[in-house]
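Values in this text are rule-based calculations from the coordinates and carry no lab data. Keep in mind that what you see is a predicted model, and the values were worked out from it rather than measured. For neighbour counting, all protein chains shown are included, and Cβ atoms are generated from backbone atoms with ideal geometry for every residue, glycine included.
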Amino acid sequence: MPNRAGTPRNRAGAATRARLVRTAERLFAAHGVDAVSVRAVNAAAGLGPSSVNYHFGTKDDLIAAVLLDLGAALRDRIRANADRLAALDTPPTAEALVRAVTEPYRDLLLRHRIRGMRWVKIVTQLSLHAHPALTAAEADLPERLLAQLRRAFPHSDPERLDARWAVALMGFLQALARADDWHPGAAAPPAQELAALYEDQVVFLIGGLERLLGDTKGAQ
């Protein structure tokens, strides 16, 4: 007889997957995604050597699960923000666009300070190399955001716009990922300092985009 959802077996499987995800999240953030093997995740979780392969398939599938565990809600919120901007008759301002993308990161860090910091560190690592697991987790979000960016800066060269937007977001992520450098030994920075760091980075990002992209009108 097939196993039914909600039975002890399924609940045990879900608990094991959650255990592997949390263990991988901790190890990836501390040591780097590339440096952590599937064997190391299994061992740190106190499980058998084939546990990751049984529950996820491959390391990339485990990475995707780590990304989506906290990131799915963040991605969906950014997508909803982008859709709200798209529904407006007028193009978004640089500030509206930046806050639509970045506020979900702030709220994640304030709601899950320790796990949120780990997650941001992992995303930052993967973004440097356009990891396929990150690309899959983002789904169509980059295209939606670029559409609003082109509305906000219609006179910018599309290739330069794309590249500068990527650089700007990477700078934002790297700053968030290093927030705990100011508090060595602490599990996570205080909430008020995270909020202040976020606001500083947002102001910097808005000004940078307006300078880099807004000044290109009629050029190139």
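A few notes on this one:
- Restricting attention to region 43-70, the residues being farther than 18 Å from Pro132 by Cα and in contact with a Leu (Cβ under 8 Å, 6 or more places away or on another chain) number 6.
- Where Leu126 falls short, out of the listed (1) touching an Asp or Glu at 6+ places or on another chain (Cβ under 8 Å); (2) part of a helix (DSSP H, G or I): (1)
- Selection within region 129-157: residues that are in a loop (DSSP other than H, G, I, E, B) and closer than 12 Å to Pro92 by Cβ. The member of this set that is nearest to the chain's Cα centre (by Cα) is Phe153.
Yes or no, residue by residue, for (1) over 30 Å from Ala40 (Cα atoms); (2) out of contact with any helix residue (DSSP H, G or I) (no Cβ under 6 Å at 6 or more places or on another chain):
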residue	(1), (2)
Ala73	no, yes
Arg77	yes, no
Leu85	yes, no
Thr90	yes, yes
Leu97	yes, no
Ala100	yes, no
Asp107	yes, yes
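- Scanning region 89-121 for residues that are surrounded by fewer than 21 Cβ atoms within 10 Å (Cβ to Cβ) and within 14 Å of Ala188 (Cα to Cα) yields a total of 7.
- Residues (among the β-branched types (Val, Ile, Thr) and in contact (Cβ under 8 Å) with a residue 60 or more places away in the chain) located in region 191-209: Val202, Ile206
- Filter pass, Arg84 being within 28 Å of Ala195 (Cα to Cα) and in contact (Cβ under 8 Å) with a residue 24 or more places away in the chain: no
- A count restricted to region 35-72 and to residues that are touching a residue at least 60 places away in the same chain (Cβ under 8 Å) and among the β-branched types (Val, Ile, Thr) stands at 1.
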